[in-house]
Amino acid sequence: MALPPWRALLRGAREREGRSPAARWLQLATVAPDGSPRVRTLVFRGWVAGAALDLLTDGRSAKQVELQQQPAVELCWLLPKARSQFRLRGDVLTLPPDVDRDARLRHWYQLTPSGRALWGWPEPGAAFDAAEAFPLELADATPLPEHFQLLRIDLAQVELLELRDHPHLRRRWRRAHGWQEERLNP
């Protein structure tokens, strides 16, 4: 299966970021139960097939309820050195339980002990209690926590805004149109 053409552009933009953590950070926009928007930064964990990507989250966070109510999301991936902004739209997939568990296990064991530590912390967004532990690491033998959740997002549309030239270059690719490039006004 051929990769969508925007994937090579995104890879090139990420490579221009070098070792910067920003090359892996993207913003996830969701809708809260009251209809208000929510945005947070997550870490890109990899591609699945041509146009689906994996993110990880704490299942105790508010975004889990938001995504159950409304699985449509938009991601914004700003890559400053490349002067590129990718806007990715899609839906969070509901995976079969065995596929979900296998993927979560794979991601869990790919994390460093310090990367796993976040899932040993108290519930996100709860009142702070100085007596609660915030471990620096979780060992390799630590069992997979139930609240270690996978967000697999199946993309339907990608826009790229390149901020280098005048005028800026804006393009769009839509799955429904065979990922054919469309030029847009910036």
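Quick note: the coordinates plus some simple rules give every number you see, no bench work behind them. In this text, all values refer to a predicted model and were calculated from it rather than measured experimentally. Using ideal geometry, Cβ is built from the backbone for each residue, glycine included, and neighbour counts are taken over all protein chains shown.
Need the full-extension length gain, Arg164 to Gln70, defined as separation in residues times 0.36 nm minus the C-alpha distance. One decimal, nm. Could the numbers behind the result be given before it?
On the way: separation 94, 0.36 × 94 = 33.84 nm, distance 3.48 nm.
Length gained between Arg164 and Gln70: 30.4 nm.
Which residues' amide hydrogens lie under 5 Å from the amide hydrogen of Leu151, considering only partners 5 or more residues apart or on another chain, with H built in the peptide plane?
So Leu151 has HN proximity to Leu55, Leu56, Thr57.
Please compute the length gained on full extension between Gln27 and Ala8, using 0.36 nm multiplied by the number of residues separating them and subtracting their Cα-Cα distance.
Numbers: separation 19, 0.36 × 19 = 6.84 nm, distance 2.02 nm.
4.8 nm is the gain from fully extending Gln27 to Ala8.
List the trypsin sites (Lys or Arg not before Pro) in segment 137-186 that DSSP assigns to loop (not H, G, I, E or B) and whose Cβ has at most 13 other Cβ atoms within 10 Å. Which are they?
Values: sites: Arg152, Arg164, Arg170, Arg171, Arg172, Arg174, Arg175, Arg183; in loops: Arg164.
Passing both the DSSP loop test and the Cβ count: Arg164.
Over segment 101-186, what portion of Cα pair distances is larger than 14 Å, expressed as a whole percent? Could you put the intermediate results ahead of the total?
Details: 2703 of 3655 pairs.
Tail of P(r) above 14 Å: 74 percent of Cα pairs.
Taking neighbour counts of Cβ atoms within 10 Å as a proxy for exposure, in what order, fewest first, do Lys81, Lys63 appear? All intermediate terms of the calculation are to be shown ahead of the outcome.
Details: Lys81 14, Lys63 22.
Exposure proxy ranking, most exposed first: Lys81, Lys63.
Please get the size of the charge dipole for segment 98-186, origin at its Cα centre, with Cβ charges of +1 on Lys and Arg and -1 on Asp and Glu, quoted in debye to the nearest 20.
Working: 12 positive and 15 negative charges, 127 e Å.
It works out to roughly 600 debye.
Per q in 0.30, 0.31, 0.32 Å⁻¹, report the Debye log10 I(q)/I(0) for segment 6-58, using one uniform scatterer on each alpha carbon and no solvent.
Result of the Debye calculation: -1.22, -1.24, -1.25.
Fewest first, what order do Phe128, Phe148 take by the number of other Cβ atoms within 10 Å?
On the way: Phe128 7, Phe148 19.
Ascending Cβ contact count within 10 Å gives the list Phe128, Phe148.
Mind listing the long-range amide H neighbours of Gln157? Cut-off is under 5 Å, sequence gap 5 or more, other chains count too, H placed in the peptide plane at 1.01 Å from N.
Residues meeting the criterion, in which the H sits 1.01 Å from N, are Arg89, Arg175.
Any chance you could run the full-extension gain for Ser114 through Arg83? It's 0.36 nm times the residue separation minus the Cα-Cα distance, nm to one decimal.
Details: separation 31, 0.36 × 31 = 11.16 nm, distance 3.08 nm.
Net length gain for the segment: 8.1 nm.
Computed on alpha carbon atoms, what radius of gyration and Dmax characterise segment 18-98, expressed in Å?
Cα radius of gyration and Dmax of segment 18-98 are 13.4, 40 Å respectively.
Using only C-alpha positions, report the orientation-averaged shadow area of the convex hull of segment 62-136, nm², one decimal. Write down the numbers at each step before the final one.
Values: hull surface 31.1 nm².
Seen from a random direction, the Cα hull of segment 62-136 projects 7.8 nm² on average.
Could you tell me, in Å, what Rg and Dmax come out for the Cα atoms of the chain?
17.8, 55
Tell me, Asp54, Asp100 in order of fewest to most beta-carbon neighbours within 10 Å? Show your work: numbers first, answer last.
Numbers: Asp54 18, Asp100 15.
By the 10 Å Cβ count, ascending: Asp100, Asp54.
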